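S.K.: First the structure, which I've put down as structure tokens, then a few questions once you've had a look.
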Amino acid sequence: MPPLTPAAAAADPALIRAAALFAPALALVAALALRRPTAADTAAAVVATAWSAATVFALNIAALRLGWWTFDAHGAVVRGVPADLWLGWSLLWGALPAVLIRTLPATLVVAVLAWLDLILMPPAEPVVRLGGAWLLGEGAGIAACLVPAVALARWTRLDRHRPVRAAA
């Protein structure tokens, strides 16, 4: 078998799915290695990831129904959503920002992660197939998944807004 060209390797569904899971996980490990988390930091990451996991799944179900994007994946798929992309996205918009906002402004973290998501969605094809209105879905995801996850992480770490956190 001939070696893969860079373009062919980038379009390999297995590579895309692995990168979608392991890149956020490795970024999280690196951020944790730079500064050991406190109990409050850990709680913040758990809460943010739980929020992100639930809302990212709902976002992807909505995206499938509204045509924002679809998935072409085989194996490890939950209701049409690749489990590895779901978990990786949950870490990217949950635990990772929860850890990063310990030392960086939350608005900067949200802006960088939103920008990163915007530039990484198109090259995720053929696994992620973007529809014509995918930017609407992206905006909905940032507003409903990422921003609340960051807010919940901050409030958890600072032990603020307990009724709001309990309702979430």
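S.K.: Considering amide H positions built from the backbone, and no H for Pro or chain starts, which residues 5 or more places from Phe71, or on another chain, come under 5 Å of its amide H?
M.R.: Arg129
S.K.: Here's a follow-up. Using a basic spin-label model with each label point 7 Å from the Cα along Cα→Cβ, how many nm lie between Ala39 and Ala133?
M.R.: Here the modelled spin labels are 4.8 nm apart.
S.K.: Next question, about the same structure. Return one number: the angle in degrees, 0 to 90 and rounded to the nearest 10, between the long axis of the Cα atoms of helix 83-92 and the longest principal axis of the Cα atoms of the chain.
M.R.: 40 degrees
S.K.: Using a 10 angstrom Cβ neighbour count of at most 14 plus a DSSP loop assignment to flag exposed trypsin sites (Lys or Arg not before Pro), which longest range of the chain is free of such sites?
M.R.: Segment 80-159 is the longest.
S.K.: Additional query: Tell me the net charge near Val99. Cut-off is 11 Å between Cβ atoms, Val99 excluded, with +1 for each Lys or Arg and -1 for each Asp or Glu.
M.R.: +3
S.K.: Let a ≥ b ≥ c be the square roots of the eigenvalues of the Cα gyration tensor of segment 4-93; is it rounded (a/c under 1.5), or, if not, prolate (a/b larger than b/c) or oblate?
M.R.: oblate
S.K.: Sequence gap at least 6, Cα distance under 8 Å: using those rules, report the relative contact order of the chain to the nearest whole percent.
M.R.: So the answer I get is 35 percent.
S.K.: So what J values fall out for segment 133-141 if you push phi through Karplus, 6.51 cos²θ - 1.76 cosθ + 1.60 with θ = phi - 60°, rounded to Hz, Gly and Pro as x?
M.R.: Per-residue couplings from phi come out as 10, 4, 5, 5, x, 4, x, 4, x Hz.
S.K.: Let me ask another. Between Leu66 and Ala14, what is the spin-label point distance in nm, taking each point 7 Å from the Cα along the Cα→C-beta axis?
M.R.: Going from the Leu66 label point to the Ala14 one covers 3.5 nm.
S.K.: I've got another one for you. Please label the shape of segment 6-167 as rounded, prolate or oblate, based on the square roots a ≥ b ≥ c of the eigenvalues of the alpha-carbon gyration tensor (a/c under 1.5 means rounded; beyond that, a/b larger than b/c means prolate, else oblate).
M.R.: Judged from the Cα gyration tensor, segment 6-167 comes out prolate (a/c at least 1.5, a/b above b/c).
S.K.: Given +1 on the Cβ of Lys and Arg, -1 on the Cβ of Asp and Glu, and no further charges, what dipole in debye does segment 6-167 carry about its Cα centre, rounded to the nearest 20?
M.R.: 620 debye
S.K.: Let me ask you something else. Fully extended, how many nm does the chain gain between Ala106 and Ala76 (0.36 nm per residue separation, minus their Cα-Cα distance)?
M.R.: Full-extension gain reported as 7.5 nm.
S.K.: Taking a ≥ b ≥ c as the square roots of the Cα gyration tensor eigenvalues, with a/c under 1.5 meaning rounded and otherwise prolate when a/b beats b/c, else oblate, which class fits segment 24-71?
M.R.: Here segment 24-71 falls in the oblate category.
S.K.: Let me ask another. Return the whole-Å distance between the Cα centroid of segment 109-127 and the Cα centroid of segment 41-69.
M.R.: Each part reduced to its Cα centre gives a spacing of 15 Å.
S.K.: While we're looking at this one, here's another question. Between Val109, Ala62, Leu21, whose Cα lies farthest towards the positive end of the dipole of segment 6-167 when Lys and Arg beta carbons carry +1 and Asp and Glu beta carbons carry -1, centred on the Cα centre?
M.R.: Val109
None of the figures in this text is laboratory data; all of them are computed from the coordinates on show. Note that the structure is predicted; figures quoted are calculated from it, not measured. Ideal geometry is used to build each Cβ from the backbone, glycine not excepted, and the neighbour counts take in all protein chains shown.
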